[in-house]
């Protein structure tokens with residue numbers, strides 16, 4: 001599908017040249033389709049390091065192999081780095097099919113706005129590119145990583161990111177949504193990517209998210225914490241939760257999330273603000289590592305109670321981390337108070353008090369276990 005799209009884009013680009021009769025093979029050879037970009041900053045020289053992945057094609061008999069080539073330039077601004085890259089390569093860069101922009105951790109901690117200003121301002125760059133934060137690697141190192149021979153790394157990342165609703169271990173952060181959130185004064189969560197060793201091969205792994213306060217990176221959530229963040233924000237419909245040693249036994253049970261709804265209720269009482277978080281997950285038993293039947297009434301209630309308790313603890317831990325470690329309201333609790341109880345929100349603002357940091361929370365989980373997939377019984381061992 002990606003190869004077909006690249007071919008279509010290439011045809012769209014060269015057709016105007018052919019129709020107006022002002023083309024030649026030399027001109028076509030100077031066209032370059034950008035698949036993705038990475039932005040780092042050399043903290044020694046204070047210059048931006050701009051890396052692009054450009055699609056290349058190689059003839060193989062009657063077909064062509066789609067691959068990519070990496071180009072890097074360095075300058076005092078992103079715009080200068082782009083112009084420098086054009087001069088170095090002699091290529092005319094087309095940005096409309098760029099899938100991702102990766103920003104380094106060090107640059108994000110310093111403030112991400114300078115890195116995104118050109119992508120937001122340029123008429124040639126798509127605003128719906130995925131935005132990623134490189135964790136433990138430079139952004140350039142991520143873009144240079146090849147999962148397979150001749151594979152376009154940016155397309156690999158795009159495929160992974162398009163599965164966010166199914167995997168539910170990272171968020172759907174795009175350039176436009178991040179900038180829109182900043183403009184509204186909301187804290188943001190951005191998906192992280194890092195190079196990891198898998199079966200002897202280094203691959204870029206998309207999981208977890210980077211937490212921002214204003215435009216600065218302040219910390220991270222892992223994949224599990226990100227799942228619970230999405231649950232609170234009503235952005236998760238699928239996912240897996242594993243309960244270890246249910247009711248003190250050796251049985252482990254994996255629950256598949258089929259649906260979820262979360263209700264947030266702001267409360268103001270005697271000068272104190274609090275948020276009641278009611279979570280309504282609908283799950284099915286996906287796997288039982290043991291022989292206990294969890295679909296009979298007694299065991300089902302035990303399983304439900306333990307699952308509810310686990311989710312309550314995990315969400316409360318997440319909220320505490322965001323309040324105490326990061327002071328970042330990516331859950332949007334402050335915004336809910338602003339909409340539902342504007343006077344309370346305004347009073348906190350006048351007194352220069354952070355409403356989210358001073359908020360008490362109560363988490364209640366109301367789980368429904370609907371089924372156990374194809375069979376309702378565990379595997380029994382005969383005697």
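The values are calculated or read from the model by the stated rules, or taken from the named source; none is laboratory data. On a predicted model such as this, the values are computed, not experimentally measured, just so you know. When we count neighbours, we look across all protein chains shown, and the Cβ atoms used for this are built from the backbone with ideal geometry, even at glycine.
If you go through segment 115-131 and keep only what is surrounded by fewer than 18 Cβ atoms within 10 Å (Cβ to Cβ) and part of a helix (DSSP H, G or I), you end up with 117, 120, 121. Taking segment 97-113 as the range and being surrounded by fewer than 19 Cβ atoms within 10 Å (Cβ to Cβ) and either in contact with a strand residue (DSSP E or B) (Cβ under 8 Å, 6 or more places away or on another chain) or modelled with pLDDT of 95 or more (or both) as the test, the residues that pass are 106, 109, 110, 111. Of the residues making up segment 255-281, those that are over 24 Å from the mean Cα position of the chain (by Cα) and at negative phi number 11.
For segment 212-233, a residue qualifies if it is outside any strand (DSSP E or B), surrounded by fewer than 16 Cβ atoms within 10 Å (Cβ to Cβ) and over 15 Å from the mean Cα position of the chain (by Cα), and exactly one does: 214. Evaluating residue 181 against the criteria (1) touching a residue at least 40 places away in the same chain (Cβ under 8 Å); (2) in a helix (DSSP H, G or I) leaves one unmet condition, (1). Within segment 132-144, can one find any residue that is in the same structural domain as residue 200 (by TED's automatic domain parsing), out of contact with any strand residue (DSSP E or B) (no Cβ under 7 Å at 6 or more places or on another chain) and either part of a helix (DSSP H, G or I) or crowded, with 22+ Cβ neighbours inside 10 Å (or both)? Within segment 132-144, none of the residues are in the same structural domain as residue 200 (by TED's automatic domain parsing), out of contact with any strand residue (DSSP E or B) (no Cβ under 7 Å at 6 or more places or on another chain) and either part of a helix (DSSP H, G or I) or crowded, with 22+ Cβ neighbours inside 10 Å (or both).
Take segment 85-96 and flag every residue that is surrounded by fewer than 17 Cβ atoms within 10 Å (Cβ to Cβ) and touching a residue at least 12 places away in the same chain (Cβ under 8 Å). Once the filter is applied, which keeps residues that are surrounded by fewer than 17 Cβ atoms within 10 Å (Cβ to Cβ) and touching a residue at least 12 places away in the same chain (Cβ under 8 Å), segment 85-96 yields 88, 89, 90, 92, 96. Could you go through segment 201-211 and let me know if any residue there is part of a loop (DSSP other than H, G, I, E, B) and in contact (Cβ under 8 Å) with a residue 40 or more places away in the chain. Checked segment 201-211: no residue is part of a loop (DSSP other than H, G, I, E, B) and in contact (Cβ under 8 Å) with a residue 40 or more places away in the chain.
Picking from residues in segment 244-255 that are touching a strand residue (DSSP E or B) at 6+ places or on another chain (Cβ under 6 Å) and surrounded by 17 or more Cβ atoms within 10 Å (Cβ to Cβ), the one that is nearest to residue 343 (Cα to Cα) is 255.
Across segment 282-299, a minimum of one residue is classified as in contact with a strand residue (DSSP E or B) (Cβ under 9 Å, 6 or more places away or on another chain) and more than 19 Å from residue 246 (Cβ to Cβ). A residue that is at pLDDT below 95, in a loop (DSSP other than H, G, I, E, B), closer than 26 Å to residue 221 by Cα and touching a helix residue (DSSP H, G or I) at 6+ places or on another chain (Cβ under 6 Å) occurs somewhere in segment 357-367. In this entry, residue 239 passes the filter for residues that are surrounded by 14 or more Cβ atoms within 10 Å (Cβ to Cβ), touching a residue at least 12 places away in the same chain (Cβ under 8 Å), within 19 Å of the chain's Cα centre (by Cα) and over 30 Å from residue 120 (Cβ atoms).
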